[in-house]
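Engineer: Below is the structure I would like to discuss, written out as structure tokens.
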């Protein structure tokens with residue numbers, strides 16, 4: 001007999017197999033999910049969930065698709081959270097300290113409670129990356145926040161009303177576009193292609209009979 | 001952590017690690033690969049396919065699960081839909097909010113068109129978000145688009161459409177540049193050189209990555225750009241039929257609110273199908289690495305409207321899906337794990353194949369190891385072979401795993417498996433739809449004003465796609481479809497809207513004697529436990 005546990009889905013009690021994820025528990029109970037379910041692999045942030053074990057004080061946050069159920073788990077899904085995203089033109093803004101002040105001034109109201117970090121479903125140091133953003137250290141903010149899936153749980157817990165994932169996304173785009181060094185070889189290759197330098201080579205390959213292509217393919221040298 | 005038979009086998013892997021790490025197993029010959037595929041690859045199991053009896057591909061074989069949806073009933077009764085009440089009127093309608101749809105929308109907007117995205121979940125809920133390993137582009141001095149072309153052609157069994165493949169490889173470096181300038185953070189060395197690795201079947205190291213969040217990094221950037229441009233995104237809204245005009249040209253779609261079930265009508269001068277793949281159809285009972293909405297909807301819509309499918313009988317089974325623990329069964333273990341040094345090892349601790357053969361060959365080889373060869377590890381819920389991840393730290397130095405594949409480390413750590421210290425168990429998982437709707441290089445189907453981009457396209461990758469060519473194709477063909485659809489829309493005057501093709505298709509089914517109790521497109525899989533419900 002499969003081992004079962006009791007969970008409380010949005011407060012209602014269900015008995016589910018102990019081995020399933022929270023998402024699996026919802027489906028086992030009979031919910032056909034539309035909201036709160038996306039990639040089912042921990043990348044999209046659709047299934048943000050908060051839970052508490054009955055009788056304990058601490059509130060936990062997790063992704064429903066990545067978390068196994070426990071006995072007496074009180075589960076509330078958070079399929080949407082109103083993050084505040086500012087609109088900007090990536091080609092016009094610059095990676096200056098002022099840009100954060102201009103777009104996301106609320107980050108300077110951070111009271112240092114660390115609730116964001118404690119609630120992060122990806123176990124990121126959220127408060128730290130907000131601190132980097134405050135100081136205009138976008139490269140550090142980008143690295144610290146890189147694994148963010150934008151589930152929004154951090155923002156739901158923030159007394160200062162910060163939309164942390166949006167701040168981090170801005171920092172990453174600034175870093176990727178302006179701060180990280182340019183790839184010279186890439187620029188060079190794009191130019192070569194624009195100048196038509198590979199046209200003849202590609203066209204000759206496109207004309208070749210399959211037997212000849214096979215011969216070339218099976219004998220091509222492979223970089224170590 | 002591991003116990004029982006799994007633990008016993010793991011000890012053999014550990015004992016053989018020092019020896020295995022020195023090996024580079026030889027690559028299979030062309031003949032060996034052919035025999036292996038014919039015997040073990042799921043695409044070759046004839047009884048898993050059905051012959052289509054109606055529609056543009058009548059007489060062709062497709063997976064039985066897909067045939068059942070292609071030859072199913074519409075979700076609507078055309079005569080009950082009022083096409084005179086138009087809710088959305090746009091130049092370019094993009095169906096699907098993944099990487100291809102977002103790229104298309106951005107370029108259509110750039111070209112001055114009034115564009116709108118509809119997506120049945122949220123923008124970004126797509127296989128793009130889950131692509132881990134990377135994106136190919138021949139931008140290094142020792143590489144060229146021609147070498148990229150040959151690699152993809154060989155990997156695709158020489159079935160790739162030359163005019164589509166040449167576009168893919170020639171526009172690849174520009175695609176990377178475009179993404180980089182949007183702010184995508186690629187892995188780079190201190191001097192700006194892209195850090196590139198091999199993928200299965202590549203002959204040059206041209207895999208660009210953003211750790212093992214490559215697709216997520218691309219998708220969240222594209223999504224942000226769509227929002228910055230204030231392109232309307234109608235989410236939780238599925239397209240359930242295309243609308244044509246009286247001349248048979250694509251002219252919009254019937255939309256369904258996924259929650260309230262309300263029907264809305266979108267009229268458009270051009271339509272782009274960017275609905276992605278089909279993993280959630282679970283062909284041949286395989287688990288899948290795909291997102292929740294991967295149910296081949298675009299293929300159904302396009303087929304009913306008269307667009308032709310190409311290579312719909314070929315699927316990609318990613319060689320390394322999670323075989324254990326069962327909570328993440330079928331989830332993707334990126335090929336990058338092998339790119340950075342892990343080898344495939346059987347239950348006896350033997351490195352039974354070169355770790356970077358193409359995906360179809362690798363998947364077939366693992367299936368053979370676990371079946372005929374009897375050297376799979378039994379997990380209770382399935383079988384698998386080892387992917388010896390600790391080798392990565394030995395080869396690349398301590399910290400390599402955390403730096404290069406943090407998502408993999410996190411995914412297994414949740415189940416107390418530290419992939420830096422112990423190997424992991426893998427088995428093929430349904431990953432990619434190699435085939436799809438047939439297009440010309442400008443992205444249009446035979447149905448005028450109907451464009452397709454992304455995984456819903458067939459022909460770019462032939463009969464097997466190489467790692468890193470899908471993230472690439474969604475950008476190259478997504479951008480191109482968006483731009484071309486915008487330009488085309490300038491000279492379109494939409495005629496009278498009609499759903500007569502839906503009725504016509506139903507009649508053809510009737511005449512062929514097909515009676516189905518299924519409705520399609522499927523929209524979402526149903527994983528609820530069925531018991532005493534009404």
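Engineer: For the subset of the range B:167-186 comprising residues that are more than 7 Å from chain A (Cβ to nearest Cβ) and free of Cβ contacts under 8 Å to residues at least 40 places away in the same chain, which member is nearest to residue A:196 (Cα to Cα)?
Structural biologist: Residue satisfying both the conditions and the ranking: B:169.
Okay, residues lined up against (1) out of contact with any strand residue (DSSP E or B) (no Cβ under 7 Å at 6 or more places or on another chain); (2) modelled with pLDDT of 95 or more; (3) surrounded by 24 or more Cβ atoms within 10 Å (Cβ to Cβ); (4) not assigned by TED's automatic domain parsing to the domain that holds residue B:384:
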site	(1), (2), (3), (4)
B:263	no, yes, no, yes
B:268	no, yes, yes, yes
B:273	no, yes, yes, yes
B:278	no, yes, yes, yes
B:282	no, yes, no, yes
B:291	yes, yes, yes, yes
B:295	yes, yes, yes, yes
B:299	no, yes, yes, yes
B:303	no, yes, yes, yes
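Engineer: Could you check the range B:187-201 and list, in sequence order, the residues that are surrounded by 22 or more Cβ atoms within 10 Å (Cβ to Cβ) and either more than 8 Å from chain A (Cβ to nearest Cβ) or assigned to a helix (DSSP H, G or I) (or both)?
Structural biologist: Once the filter is applied, which keeps residues that are surrounded by 22 or more Cβ atoms within 10 Å (Cβ to Cβ) and either more than 8 Å from chain A (Cβ to nearest Cβ) or assigned to a helix (DSSP H, G or I) (or both), the range B:187-201 yields B:196, B:197, B:199, B:200, B:201.
Engineer: Continuing with this model, one more query. Six or more apart or on different chains, Cβ under 6 Å: which pairs go from a residue in the range B:361-386 that's within 23 Å of residue B:464 (Cα to Cα) to one that's assigned to a helix (DSSP H, G or I)? Could you list them?
Structural biologist: Short answer, once both residue conditions are applied: B:361/B:33; B:364/B:36; B:364/B:37; B:364/B:40; B:367/B:40; B:368/B:40; B:385/B:366; B:385/B:369.
Engineer: Going by the conditions given, is residue B:523 in contact with a helix residue (DSSP H, G or I) (Cβ under 7 Å, 6 or more places away or on another chain) and within 14 Å of chain A (Cβ to nearest Cβ)?
Structural biologist: Considered against the rule, which asks whether it is in contact with a helix residue (DSSP H, G or I) (Cβ under 7 Å, 6 or more places away or on another chain) and within 14 Å of chain A (Cβ to nearest Cβ), residue B:523 comes out as yes.
Engineer: For residue A:192, indicate whether it is more than 8 Å from chain B (Cβ to nearest Cβ), surrounded by 11 or more Cβ atoms within 10 Å (Cβ to Cβ), in contact with a helix residue (DSSP H, G or I) (Cβ under 9 Å, 6 or more places away or on another chain) and part of a helix (DSSP H, G or I).
Structural biologist: yes
Engineer: Could you please find all residues in the range B:231-279 being assigned to a strand (DSSP E or B) and within 14 Å of chain A (Cβ to nearest Cβ)?
Structural biologist: Within the range B:231-279, B:233, B:237, B:238, B:256, B:257 qualify.
Engineer: So is residue A:65 under 24 Å from residue B:331 (Cα atoms), touching a helix residue (DSSP H, G or I) at 6+ places or on another chain (Cβ under 6 Å) and not in a loop (DSSP other than H, G, I, E, B) or not?
Structural biologist: yes
Engineer: Right, something else. If I go through the range B:211-251 residue by residue, how many of them are under 21 Å from the mean Cα position of the chain (by Cα) and without any contact (Cβ under 8 Å) to a residue 40 or more places away in the chain?
Structural biologist: Looking only at that region, the number is 1.
Engineer: Could you list, in sequence order, the residues of the range B:119-154 that are farther than 17 Å from residue B:359 by Cβ, assigned to a helix (DSSP H, G or I) and facing another protein chain (nearest Cβ under 9 Å)?
Structural biologist: Within the range B:119-154, B:129, B:145, B:146, B:147, B:149, B:150 meet the criteria.
Engineer: For the structure I just gave you, tell me whether residue B:90 is surrounded by fewer than 24 Cβ atoms within 10 Å (Cβ to Cβ), part of a strand (DSSP E or B) and touching a residue at least 24 places away in the same chain (Cβ under 8 Å).
Structural biologist: Answer is yes for this residue.
Engineer: Looking at the range A:21-49 only, could you name the residues that are under 30 Å from residue B:217 (Cβ atoms) and either within 7 Å of another protein chain (Cβ to nearest Cβ) or more than 27 Å from the chain's Cα centre (by Cα) (or both)?
Structural biologist: A:21, A:27, A:34, A:37, A:38, A:39, A:40, A:41, A:42, A:43, A:44, A:46 - these are the residues of the range A:21-49 that are under 30 Å from residue B:217 (Cβ atoms) and either within 7 Å of another protein chain (Cβ to nearest Cβ) or more than 27 Å from the chain's Cα centre (by Cα) (or both).
Engineer: Of all residues in the range B:155-166, how many are assigned to a loop (DSSP other than H, G, I, E, B) and more than 7 Å from every other protein chain (Cβ to nearest Cβ)?
Structural biologist: Counting residues in the range B:155-166 that are assigned to a loop (DSSP other than H, G, I, E, B) and more than 7 Å from every other protein chain (Cβ to nearest Cβ) gives 5.
The values are calculated or read from the model by the stated rules, or taken from the named source; none is laboratory data. Small disclaimer: the values here were computed from a predicted structure and weren't measured. With ideal geometry, Cβ positions are generated from the backbone for all residues, glycine too; neighbour counts draw on all protein chains shown.
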